[in-house]
Amino acid sequence: MQEWRYCIELAYNGGGYHGWQFQPNAITVQQRLEDALHKFSRIQIRVTGAGRTDTGVHARRFFAHFSIEARLNDDELKQWVYRLNRILAADIVVFKIHRVSRDFHARFSAISRTYRYFILKTKDPFSTEFAYYPGLTLDIENMRKAAAIFQEYTDFACFTKSNTQTENYRCRIIESFLVETDTLIIYQVKANRFLRNMVRAMVGTLIEAGKGRLNESELHALLISGTRSDAGESVPARGLFLEDVIYPENSFGSH
């Protein structure tokens, strides 16, 4: 029997979850979404996400695809969105369900992902759920210079866990810059792909530059060496947001 493929567009507060991807003996966003789908559809539906965000990481715009033996019309898709949001907890929201082609893949069809990390400039007890306070004043100009250097490289072995089974460490950094507000330093990075724990290690290294403990020549040497232990410590997950995932034009629509 023919199957039709759909893509769920959603967002979640990752604070209460052990990341996106299903894990035994742990609550994940994928598990909660699959449970909700089964509750009203009575179909065992397995969803595949755009990536595997770590424990505590948030997603402002995330995508996950699934296939079923039914072609849902626009009204039915809206009803599925309504039912999912009625069942899901307040920390997960479904925006829309798109019809997509049968070869669409939430992870492998993506052409870029954008992350933001939020750093508090001063201690603030009302913002600690979604931002990190490093405990001292940072030199943002040093951090800006360091962020720009990331775009000069494509091998980021120094920013991923050494025990991963990654076949290669090559990523194309499209954007890497800092935005400053009255209360925050926001790091934004966009790339065709990211390694596990990569953004949090990058931010930890930027903070080292902001503390004056890492100069430009030392950062170049770090990126060339590929040694994880020489980079900054990974910052806490709570300040990290997957902001967007971009797909080729016409990925969503009538299929």
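From the list Arg107, Arg71, Arg99, Arg113, pick out the single residue that is surrounded by fewer than 18 Cβ atoms within 10 Å (Cβ to Cβ) and either modelled with pLDDT of 95 or more or in contact with a helix residue (DSSP H, G or I) (Cβ under 8 Å, 6 or more places away or on another chain) (or both).
Unique residue meeting the criteria: Arg107.
Output the number of residues of region 33-83 satisfying the condition of being within 26 Å of Thr160 (Cα to Cα) and charged (D, E, K, R).
Summing the residues that are within 26 Å of Thr160 (Cα to Cα) and charged (D, E, K, R) in region 33-83 gives 4.
Of everything in region 118-157, what is among the charged types (D, E, K, R) and over 20 Å from Arg228 (Cα atoms)? Give them in sequence order.
Listed by number, the residues that qualify are Lys121, Lys123, Asp124, Glu129, Asp139, Glu141, Arg144, Lys145.
Note down all Cβ pairs under 6 Å where the first residue falls in region 9-30 and is without any contact (Cβ under 8 Å) to a residue 24 or more places away in the chain and farther than 23 Å from Tyr247 by Cα, the second is surrounded by fewer than 20 Cβ atoms within 10 Å (Cβ to Cβ) and of a type outside the set (S, T, N, Q), and they're at least six residues apart or on different chains.
That search, which allows pairs on different chains as well, returns Ala26/His18; Thr28/His18; Thr28/Phe22.
Considering each residue of region 40-68, count those that are outside any loop (DSSP other than H, G, I, E, B) and either of a type in the set (Val, Ile, Thr) or at pLDDT 95 or above (or both), and give that number. Steps first, answer last, please.
Pass one, region 40-68, residues outside any loop (DSSP other than H, G, I, E, B): 40-41, 48-49, 58-68.
Next, only the ones that are either of a type in the set (Val, Ile, Thr) or at pLDDT 95 or above (or both) stay: 48-49, 58-68.
Total satisfying the criteria: 13.
May I ask you to say which residue of Ala106, Ala131, Ala148 is in contact (Cβ under 8 Å) with a residue 12 or more places away in the chain, closer than 15 Å to Val199 by Cα and in contact with a strand residue (DSSP E or B) (Cβ under 6 Å, 6 or more places away or on another chain)?
Working: Ala106 fails: closer than 15 Å to Val199 by Cα; Ala148 fails: in contact with a strand residue (DSSP E or B) (Cβ under 6 Å, 6 or more places away or on another chain).
Just a single option satisfies the conditions, and that option is Ala131.
Sort out which residues of region 59-87 are within 26 Å of Gly239 (Cα to Cα) and in contact with an Asp or Glu (Cβ under 9 Å, 6 or more places away or on another chain), and write them in order of number.
Within region 59-87, Ala59, Arg60, Arg61, Phe62, Phe63, Ala64 meet the criteria.
Tally up the residues in region 204-220 that are out of contact with any helix residue (DSSP H, G or I) (no Cβ under 8 Å at 6 or more places or on another chain) and part of a helix (DSSP H, G or I), please. Walk me through it before giving the result.
Pass one, region 204-220, residues out of contact with any helix residue (DSSP H, G or I) (no Cβ under 8 Å at 6 or more places or on another chain): 204, 208, 211, 213, 217-218.
After this cut, where a residue has to be part of a helix (DSSP H, G or I) as well, the list is 204, 208, 217-218.
Result for region 204-220: 4.
Looking at (1) over 25 Å from Lys190 (Cβ atoms); (2) in contact with a His (Cβ under 9 Å, 6 or more places away or on another chain); (3) surrounded by fewer than 18 Cβ atoms within 10 Å (Cβ to Cβ), can you tell me which one Ala89 breaks?
(2)
The values are calculated or read from the model by the stated rules, or taken from the named source; none is laboratory data. Nothing here was measured: the structure is a model prediction, and the numbers come from that model. With ideal geometry, Cβ positions are generated from the backbone for all residues, glycine too; neighbour counts draw on all protein chains shown.
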